[in-house]
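Taking it in order: structure first as structure tokens, then the write-up.
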Amino acid sequence: MGGPLEGLRVIDVGTRISAPFCAGLLGEMGAEVIKVEQPGVGDFMREIGPFVPVEGDDGPGHSLFWSVEGRGRKGVTLDLRKPEGQELFRRLCRHADVVCENFRPGTMERWNVGPTDLDPRLVMVRISVFGQDGPSSLRPGLDRLGIGYGGLLHLTGYPDRPPVRPGVTVSDYLTGVFAAHAALAALYRRDARRTGTGAVVDACLYGSVLRILEWTIAGYDRLGIVREREGNRLANSAPLDNYPTADGRYVCIVAGSDANFRRLCAAMSRPELATDARFARLADRAANAEAINGIVEAWTRSLTAAEIEQRCIDHDVPVATAYTAADIAADPHMQARHDLVTVVDSVIGPVRQQAPFPRFVGEELPVPSSAPRLGEHNREVWCGLVGLSEDELAAASAAGII
């Protein structure tokens, strides 16, 4: 699709989300991504719904999760548990710059395709839950363990209720972003500084979550504070909340600063609140948070979300409605910025999806190619790139290697 990483080749040998997402981000910047999957089975993401029914298919249908997260790459099959498959993978990697994997630590080494088995020019991105070393490194786990062990789960939700997971697989996606960032840094060192040597990136799910915990660790270290859940409000700022509206929606209003609070008072037609001794300064409002948040909530409950948004916008108050997918699809700002693109899926046809992000100003927005069918590009990659003959490809396929 073109882009700043055009000419770079990435091998995605991961499964589920984190490593494939890392590879996909590089692909959306122009790299060629080749996904390696187990013959006959494929990535587990193909089995996660929701599904679109496919005529003539006795199974559940085509996964929309796969349609989004498998997009923008070529697909090949290869059994890495067999020595012949391992040799083909090593040959494939000689034509690559980056390998992304997220198996349990030691798995690639057991398959004889670990970092020391491959070209030293490669940047190998290794994603796991607990990291490549340390006493917990071999523990199994998925996204929620990264959120829990990294400290975010404890902070998410209301103080009088159990912790609540975020609505999406945060640690998987976040780690994919951090890993892509590290891969590019390693490539810069290899190429721009002409070292000729790649790197091994150790990116763990809990580590990416730990990195975004703000002042949580420093507060414990210096002040003995164990940060707890605060719900949608903050102990040191008010008014701030996701406020209910007359039409059953929620609007997020952030008016903690004195300037924003004065603007909110004007939007509410309550200018006297700005000089009320309980609310005049941020510290006063924080001390009387229940009172001021209650006043704001009474106002929002009397109006629709659209009316509240407009009044806040008219008075320059930070505001946003809690959007659903339907809201996103209809939003004129997102339409103007082309935040959704239509990907022509090879199985189910056109599917609107979130566009690549971020983008480069003045450059055409790339539209990802379809998520591949299982083994769709076997001939192109194994014969055209790696150099197998048609007979060799057929033999490897018959033997279950490809």
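For every residue, the table says whether it meets (1) out of contact with any strand residue (DSSP E or B) (no Cβ under 8 Å at 6 or more places or on another chain); (2) more than 30 Å from Arg94 (Cβ to Cβ); (3) charged (D, E, K, R).
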position: Ala199; (1), (2), (3): no, no, no
position: Ile212; (1), (2), (3): yes, yes, no
position: Ile217; (1), (2), (3): yes, yes, no
position: Glu228; (1), (2), (3): yes, yes, yes
position: Asp247; (1), (2), (3): yes, yes, yes
position: Val251; (1), (2), (3): no, yes, no
*asked:* Could you go through segment 156-176 and let me know if any residue there is assigned to a helix (DSSP H, G or I), in contact with a Lys or Arg (Cβ under 9 Å, 6 or more places away or on another chain) and of a type in the set (Ser, Thr, Tyr).
replied: yes
*Just give me the residues in segment 2-48 being charged (D, E, K, R) and part of a helix (DSSP H, G or I), in sequence order.*
Glu28, Arg46, Glu47
*Identity of the residue in segment 212-240, touching a Ser or Thr at 6+ places or on another chain (Cβ under 9 Å) and in contact (Cβ under 8 Å) with a residue 40 or more places away in the chain, that ends up nearest to Thr321 (Cα to Cα)*: Ser237
*asked:* With the requirement that a residue be aliphatic (A, V, I, L, M) and touching a Pro at 6+ places or on another chain (Cβ under 7 Å), what does segment 238-263 give you?
replied: Ile253, Val254, Ala255
*Which residues, counting only those in segment 49-72, are in contact with a Ser or Thr (Cβ under 8 Å, 6 or more places away or on another chain), part of a loop (DSSP other than H, G, I, E, B) and modelled with pLDDT of 95 or more?*
Pro50, Arg71, Gly72
*Just checking, which of Arg121, Arg46 is assigned by TED's automatic domain parsing to the domain that holds His181, surrounded by fewer than 23 Cβ atoms within 10 Å (Cβ to Cβ) and closer than 26 Å to Ala199 by Cα?*
Arg121
*Where residues in segment 346-397 are among the acidic types (Asp, Glu) and assigned to a loop (DSSP other than H, G, I, E, B), which of them is nearest to Lys82 (Cα to Cα)?*
Glu376
*Would you check if Gly131 is surrounded by 13 or more Cβ atoms within 10 Å (Cβ to Cβ) and at positive phi?*
yes
*Is it true that some residue in segment 190-202 is of a type in the set (S, T, N, Q) and assigned to a helix (DSSP H, G or I)?*
no
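For every residue, the table says whether it meets (1) touching a Leu at 6+ places or on another chain (Cβ under 7 Å); (2) of a type in the set (D, E, K, R).
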{"position": "Thr116", "(1), (2)": "no, no"}
{"position": "Val123", "(1), (2)": "yes, no"}
{"position": "Gly134", "(1), (2)": "no, no"}
{"position": "Arg144", "(1), (2)": "no, yes"}
{"position": "Ala182", "(1), (2)": "no, no"}
*For segment 149-160, name all the residues that are over 18 Å from Ile225 (Cα atoms) and without any contact (Cβ under 8 Å) to a residue 24 or more places away in the chain.*
Asp160
*asked:* I need the full set of residues from segment 234-270 which are surrounded by fewer than 16 Cβ atoms within 10 Å (Cβ to Cβ) and in a loop (DSSP other than H, G, I, E, B), in order please.
replied: Ala235, Asn236, Ala246, Asp247, Gly248, Ser257, Ser269, Arg270
*For segment 287-306, indicate whether the set of residues that are closer than 30 Å to Glu69 by Cβ, among the polar types (S, T, N, Q) and assigned to a loop (DSSP other than H, G, I, E, B) is non-empty.*
no
*Can you name every residue in segment 185-207 that is within 14 Å of Val125 (Cα to Cα) and buried (at least 18 other Cβ atoms within 10 Å of the Cβ)?*
Ala186, Leu187, Gly198, Ala199, Val201, Asp202, Ala203, Cys204, Leu205
*Residue that is of a type in the set (A, V, I, L, M), surrounded by fewer than 19 Cβ atoms within 10 Å (Cβ to Cβ) and within 27 Å of Ser208 (Cα to Cα), where the choices are Val13, Val68*: Val68
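The values are calculated or read from the model by the stated rules, or taken from the named source; none is laboratory data. Source: prediction; values computed, not measured. A quick note on method: Cβ atoms are made from the backbone with ideal geometry, for glycine too, and the neighbour counts reach across all protein chains shown.
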